[in-house]
């Protein structure tokens, strides 16, 4: 008797009107007629068939098919199995490669026959066409719904709720904080300042956190839903709901946002030599250049500290001007110090020597000889079996397997030995190149453009890491410790 599995799926739209119970009843009857023993039933209820990611039952079925547990899979219709041509053919290949046929009960298709396979391919193409047509209709309906001023669902805007009875959006108790954001930004643009006001008032972010991200505040300020409009598919349409802020206030804020006022320091002066090189050791985010404090001093500050809150990361603030000068000065000094590079080369040599002790030359030579013998023996073995017919197939397979396993071990050993030498040669060449680059850098620095300086630094410096009372400069092979001339509670000055 054939081993069978039944797969049942009901769409979340229930557009076919066929219940799980009906699908199961039909499957049992079909199994009885075909002499199939139903071993297990897999179900995905209220789940779309367009993709398989969320279909737990389907994925379990495929895993069991791969384990060769079934001869037949029964489905009510082919579109219960898949509504996507690519997915259908992919999973049919899996079934066929494991000797499992697919039976569509209502369509009388059995893929174990050539005719069944032909009908299967025709019907699944139509299933995808139908699925795509449904998707297009849904999309068109949602666009028309938005044009009529109705909300299409999804994540609710902060300060708004959905009134199911009247079928429209309504302001909730958080709308007052939306008004505050617009009014404060209109008075004095700055998402960071608004974030601090919200924090002092104990207003939780949409995700429930204590600190608002400035990007979230800017998103709210740009959302036309607060002036009674709906935005969908690139169109902005008058909505049915009442506005939270006036059109005049909204337009004023849009004007200020368009001027990009809070990014003005970066646009006025983009000469941040170390941008992208400094990484926070605590939260692993990059430090960004900002004009900070009453005197608008240029400093490098951790992304977390800027965008989430000063209490969320203890990374030090770095005075930009003095740090950039210190980095350049140390690189110039390094170019004159042959001792540092000699020490780096000696360190590399010691590492290689320690590795070579694990793989002495005599052992490597013996391994190479043995590998040559193994390969010669494999060639002779091939001739003995295929050409001379001296040994049996069983003898050939057993001996060849032993040779292949030993060859694999020998090749792995010799590749590792060669890799050690290759790495050493490459690293020494890189050290020589780095020394040449630094020497050239010092000579050319005074006449280089800012863009050239920034580019060259990225070729030489791997990363810059600020700690509590010093900064570490990683130049690929060499680490330099930059000690500040002044340390305050939050800032390092060099």
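Scanning the stretch 138-186 for residues that are modelled with pLDDT of 85 or more and in a helix (DSSP H, G or I) returns 175, 176, 177, 178, 179, 180, 181, 182, 183, 184, 185, 186.
Of all residues in the stretch 314-341, exactly one satisfies the criterion of being surrounded by fewer than 20 Cβ atoms within 10 Å (Cβ to Cβ) and under 29 Å from residue 219 (Cβ atoms), namely 314.
Tell me which residues, restricted to the stretch 2-40, are touching a helix residue (DSSP H, G or I) at 6+ places or on another chain (Cβ under 7 Å) and either part of a loop (DSSP other than H, G, I, E, B) or at pLDDT 90 or above (or both). First the steps, then the outcome.
Within the stretch 2-40, the subset touching a helix residue (DSSP H, G or I) at 6+ places or on another chain (Cβ under 7 Å) is 4-10, 38.
Selection gives 4, 5, 6, 7, 8, 38.
Results for (1) on the phi > 0 side of the Ramachandran plot; (2) outside any loop (DSSP other than H, G, I, E, B); (3) at pLDDT below 75, shown as yes or no for each residue.
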site	(1), (2), (3)
276	yes, no, no
283	no, no, no
288	no, yes, no
295	no, no, no
300	no, yes, no
315	no, no, no
350	no, yes, yes
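When residue 68 is tested against (1) over 29 Å from the mean Cα position of the chain (by Cα); (2) part of a helix (DSSP H, G or I); (3) farther than 11 Å from residue 7 by Cβ, exactly one condition is not met: (2).
Looking for whichever is crowded, with 18+ Cβ neighbours inside 10 Å and at pLDDT 75 or above here; the options are 431, 457. Which one fits? Give the derivation first.
Values: 431 fails: at pLDDT 75 or above.
None of the other options fit; the residue is 457.
When residues of the stretch 192-207 are filtered for being assigned to a loop (DSSP other than H, G, I, E, B) and surrounded by fewer than 17 Cβ atoms within 10 Å (Cβ to Cβ), how many remain?
Initially, the stretch 192-207 is screened for residues assigned to a loop (DSSP other than H, G, I, E, B), giving 201-207.
Of the ones still in play, those that are also surrounded by fewer than 17 Cβ atoms within 10 Å (Cβ to Cβ) are 201-204, 206-207.
Of the residues in that region, 6 qualify.
Kindly indicate whether any position in the stretch 280-292 is crowded, with 18+ Cβ neighbours inside 10 Å and more than 24 Å from residue 218 (Cβ to Cβ). Scanning the stretch 280-292 turns up no residue that is crowded, with 18+ Cβ neighbours inside 10 Å and more than 24 Å from residue 218 (Cβ to Cβ). The single condition from (1) at pLDDT 80 or above; (2) under 23 Å from residue 290 (Cα atoms); (3) assigned to a loop (DSSP other than H, G, I, E, B) that residue 189 fails is (1). Among the residues making up the stretch 173-201, a single one is touching a strand residue (DSSP E or B) at 6+ places or on another chain (Cβ under 9 Å) and either in the same structural domain as residue 309 (by TED's automatic domain parsing) or closer than 13 Å to residue 222 by Cα (or both): 178. Within the stretch 115-133, does at least one residue satisfy the condition of being modelled with pLDDT of 80 or more, closer than 21 Å to residue 2 by Cβ and not in a loop (DSSP other than H, G, I, E, B)? No, the stretch 115-133 contains no residue that is modelled with pLDDT of 80 or more, closer than 21 Å to residue 2 by Cβ and not in a loop (DSSP other than H, G, I, E, B).
The values are calculated or read from the model by the stated rules, or taken from the named source; none is laboratory data. Worth saying up front: this structure is predicted, and the values here are computed from it rather than measured. All Cβ positions, even for glycine, are placed from backbone atoms using ideal geometry, and neighbour counts span all protein chains on display.
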